[in-house]
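Contents: one structure, followed by commentary.
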Amino acid sequence: MTSVKTLTEMANRRAFNRRSQHSGKYPTYLNIETICGCNLRCVMCPIGTGGFKRKNKVMDQKLFKKIISEVAGKTRYAWLHFFGEPLLDPYIFDRIKFCKSNGLKTQISTNATLLTKEKAGQLLESGLDDMIISLDGATKRTYEAIRKRGDFNRTMTNVRYFLELKKKRGIKRPFVRVQIIRMSENEKEIDSFIKKWKDLADAITIKPLGSWAGQVDIGKHKKSGRKLPERYPCLTIWEQLTILADGKVAVCCYDFNGKNIIGDLNKQTVAEVFNGPRIRTLRLMQARGKFNIPPCNTCVEWSWQPKKVSLAKTMAKGIMEDTHLFYPIIRLWGKLKSKKIEYNV
């Protein structure tokens, strides 16, 4: 029997293919900023470049539980990170457990500088499903040049301890991706990065450098850009909500300063915002070929999304998720292909 979560994702993607201003009733993904604030100042990030203007804040736990309770059984994923380091959030382990108790799969993206032995154990016990560890360098010199304020040796020790503890306990989750963003500074270290982590992590992600919808100048960090196709609507606004730490909902995950707010979950429900007048207007404009609302008007990352989505593949993936076969199949595929490298293009 197909789950409500799979039907939700199907409804959202069908609406996108049809370019309908109404999507499904609930989002497939919630991108929840449980904490706004980071301990690093990375050279390619708005926090590091000075473009980030919002103040540090921890999301109220009552608000967080309200949001999760509203989507329980309907939304599949909760990404518990946005413009903040998740391990700075004093409630992060409780939040993961609350999501899990309400049937949501969870993910965090961390710089691992705060991944102490104590927190490593707490993460493994929390039920976390997915974990991205962002490192961006294979050597001390490159890592610390990109990830300002980071300590290479301590971070590597943290990551190795976590992965070894996971293996020692025989735990399959979280599925751990060690990630490097391809930049001019680390281009020559990609192969050594892969070699360093291929036998420890579940997967290695080679991610392209993004411009945060044209809001960050990445020229000196990127040798050349790729030719863009003719502009088409962005899948993100048909299946995802980005919730800031104060409960306001940004138009998408590139609106890091919350310039285009489409709702407020302190006053509205998730369902009300997801098909509210502001986001419906935006979907309608994009369906008509109008992309003049920020940050869409300067964005190039829309091209990372498909122009159309396969509903058959969406259904197949949903069934794998429902039957808990998704991660075992990915691991088996990695072994059969003798590699676990993911190139995000």
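Could you tell me which residue of segment 73-104 is farthest from residue 5 (Cα to Cα), considering only residues that are aliphatic (A, V, I, L, M) and either in contact with a Ser or Thr (Cβ under 9 Å, 6 or more places away or on another chain) or open to solvent by less than 10 Å² (accessible area, probe 1.4 Å) (or both)? Once the filter is applied, the top-ranked residue is 87. Candidates are the residues of segment 93-126 that are in contact with a Gly (Cβ under 8 Å, 6 or more places away or on another chain) and among the hydroxyl-bearing types (Ser, Thr, Tyr); the one that is farthest from residue 66 (Cα to Cα) is 113.
Taking the stated definitions as given, is residue 35 among the aliphatic types (A, V, I, L, M) and modelled with pLDDT under 95? So residue 35 does not fit the description; no. Close Cβ contacts (under 7 Å, 6 or more residues apart or on different chains) running from residues in segment 202-226 that are closer than 20 Å to residue 255 by Cβ and of a type in the set (A, V, I, L, M, F, W, C) to residues that are at pLDDT below 80 and open to solvent by less than 50 Å² (accessible area, probe 1.4 Å) comprise 209/218; 209/221. Taking the listed residues 181, 206, 293, the one that is open to solvent by 20 Å² or more (accessible area, probe 1.4 Å) and part of a strand (DSSP E or B) is 181, with no other qualifying. Select from segment 105-156 the residues that are part of a helix (DSSP H, G or I), under 22 Å from residue 76 (Cα atoms) and open to solvent by 10 Å² or more (accessible area, probe 1.4 Å) and list them in ascending order. The answer is 124, 125.
So, in segment 225-244, how many residues would count as being assigned to a strand (DSSP E or B), of a type outside the set (Val, Ile, Thr) and buried (at least 23 other Cβ atoms within 10 Å of the Cβ)?
Qualifying residue count, segment 225-244: 1.
Please find, within segment 259-284, the residue that is least open to solvent (accessible area, probe 1.4 Å) out of those that are touching a residue at least 60 places away in the same chain (Cβ under 8 Å) and in a loop (DSSP other than H, G, I, E, B). Top of the filtered list is 265. With respect to residue 193, is the statement that it is farther than 30 Å from residue 64 by Cβ and of a type in the set (Phe, Trp, Tyr) true? Yes, satisfied.
The values are calculated or read from the model by the stated rules, or taken from the named source; none is laboratory data. Quick caveat: nothing in here was measured; it's all calculated off a predicted structure. With ideal geometry, Cβ positions are generated from the backbone for all residues, glycine too; neighbour counts draw on all protein chains shown. Remember, those area values only see protein heavy atoms, side chains included, never the ligands or the DNA or RNA. Shrake-Rupley method; radii C 1.70, N 1.55, O 1.52, S 1.80 Å.
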